[in-house]
Amino acid sequence: MLPRAPAALGLLLLLLPPPPPGEATKKPTPCKRCRELVDKFNQGMVDTAKKNFGGGNTAWEEKTLSKYEFSEVRLLEIVEGLCGSSDFECNQLVEEHEEHLEAWWLQLKKKYPDLFEWFCVKTLKVCCSPGTYGPNCLACQGGSERPCSGNGLCSGDGSRQGDGTCQCHLGYQGPLCTDCTAGYFSALRNATHSVCTACDESCKTCTGPTSRDCGQCEAGWVQEDGACVDVDECAAETPPCGDTQYCENVSGSFVCEECDPTCMGCTGKGPGHCKECVPGYAKESGQCTDVDECAHAGGVCPRRNENCYNTPGSFVCVCPEGFEEAEDACMQPRPARDEATEENPAPPPSREDL
Ligand SMILES: [Ca+2]
Ligand SMILES: [Ca+2]
């Protein structure tokens, strides 16, 4: 026999009014805990089903097996696997209702094969049967067989909570989720079923699936020859993008993309689509390319002896290493007494790009 525990306290705890919605998200509802327990119990039954079965088919095995099948030994094995050792609430629930589980296992299993229905709905009264809701397990909107016409969720479905109203899936509306929302059309409608299907992307409203079935066109689309077609926003007289951007037409819309940094205005992506080049760049086979200012005949660096280094978009003028900077020239250093002779005035400038 399993140890008996007073079940009254547990029942009381389980039947207390549900916590406010804020807490409910943190703590599982009594129904959810009961459902989890039943799920684990059912799993335990599956896991122990083939146990003690050698795979043969002898009379001895059949007898032993059928004995085990309904035995308390098997029940104990299932119950032991129900909760993790640190799951306090689960262990508490099992302890409180072990006698219920035992009664069902030993006497009621045949009559009430659905443990969830017998344990969580009928006995503990913490859940409702599928398709019903609330303290008294009333039928959901649209009936318990197909709540919300199969097109939505019934508030409190299967629990002792909620108000039975429908939260419709995308595309459906109405108290029974049988009407179609804007952007959807009724593909099927009879006494029991309603199917709403999405309109073509070009329609705001429609009566069928194609761009020719639009009632109104979606924003970014316009009626043309009986169909809704994309507006080419980029072809508008006043272009929709900024001076440093180019326009790309897409279905139902358009996007503005930044021009290449070498462009002053552009018609597309990259340095090959510039209208003009930014200062320091010039078109070379159609692409805005850096100008090598240092290659200019006569030089661009104003001071005498100065070195020129080309940079992207510009150039720099620097005195060679060891030279001194003066207003209009790089001054050659005076030869030191021993180290540098006049034949060997200065090291060649390093030619790194700056
Ligand atoms: Ca467009
Ligand atoms: Ca340059």
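Suppose the filter is at pLDDT 95 or above, more than 30 Å from Phe185 (Cα to Cα) and under 36 Å from the mean Cα position of the chain (by Cα); does Cys256 pass it?
Values: at pLDDT 95 or above: yes; more than 30 Å from Phe185 (Cα to Cα): yes; under 36 Å from the mean Cα position of the chain (by Cα): yes.
Judged against the criteria, Cys256 is a match.
Under 9 Å between Cβ atoms, at least 6 apart or on separate chains: pull out the pairs that start in segment 251-272 with a residue that is closer than 19 Å to Thr238 by Cβ and end on any residue that is in a loop (DSSP other than H, G, I, E, B) and of a type in the set (D, E, K, R).
Once the first residue is closer than 19 Å to Thr238 by Cβ and sits in segment 251-272, its partners that are in a loop (DSSP other than H, G, I, E, B) and of a type in the set (D, E, K, R) give Phe254/Asp232; Glu257/Lys269; Cys259/Asp243; Cys259/Lys269; Gly265/Asp243; Cys266/Asp260.
Of the conditions (1) more than 16 Å from ligand 1 (Cβ to nearest atom); (2) closer than 30 Å to Asp179 by Cα; (3) out of contact with any helix residue (DSSP H, G or I) (no Cβ under 9 Å at 6 or more places or on another chain); (4) of a type in the set (Gly, Ala, Ser), Ala219 clears all except one; give me its number.
Unmet for Ala219, out of (1) more than 16 Å from ligand 1 (Cβ to nearest atom); (2) closer than 30 Å to Asp179 by Cα; (3) out of contact with any helix residue (DSSP H, G or I) (no Cβ under 9 Å at 6 or more places or on another chain); (4) of a type in the set (Gly, Ala, Ser): (1).
Would you kindly identify the strands (runs of 3 or more DSSP E) lying entirely within segment 252-310 that contain at least 2 residues that are within 16 Å of ligand 1 (Cβ to nearest atom)?
Correct list: 253-258.
Quick one: would you say Tyr309 is buried (at least 16 other Cβ atoms within 10 Å of the Cβ), hydroxyl-bearing (Ser, Thr, Tyr) and not assigned by TED's automatic domain parsing to the domain that holds Asp260?
yes
To keep it simple, each residue is scored yes or no on (1) in a loop (DSSP other than H, G, I, E, B); (2) modelled with pLDDT of 90 or more; (3) farther than 30 Å from Leu138 by Cβ.
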site: Tyr68; (1), (2), (3): no, no, yes
site: Val79; (1), (2), (3): no, yes, yes
site: Tyr112; (1), (2), (3): yes, yes, no
site: Phe119; (1), (2), (3): no, yes, no
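State yes or no: is Glu248 within 12 Å of ligand 1 (Cβ to nearest atom), part of a loop (DSSP other than H, G, I, E, B) and either charged (D, E, K, R) or in contact (Cβ under 8 Å) with a residue 40 or more places away in the chain (or both)?
Considered against the rule, which asks whether it is within 12 Å of ligand 1 (Cβ to nearest atom), part of a loop (DSSP other than H, G, I, E, B) and either charged (D, E, K, R) or in contact (Cβ under 8 Å) with a residue 40 or more places away in the chain (or both), Glu248 comes out as no.
Can you give me the number of residues within segment 264-312 that are aliphatic (A, V, I, L, M) and in contact with a helix residue (DSSP H, G or I) (Cβ under 7 Å, 6 or more places away or on another chain)?
So the count comes out to 1.
The values are calculated or read from the model by the stated rules, or taken from the named source; none is laboratory data. Note that the coordinates shown come from a computational prediction; the quantities given were computed from them, not determined experimentally. Note that each Cβ is placed from the backbone with ideal geometry, even for glycine, and that neighbours are counted across all protein chains shown.
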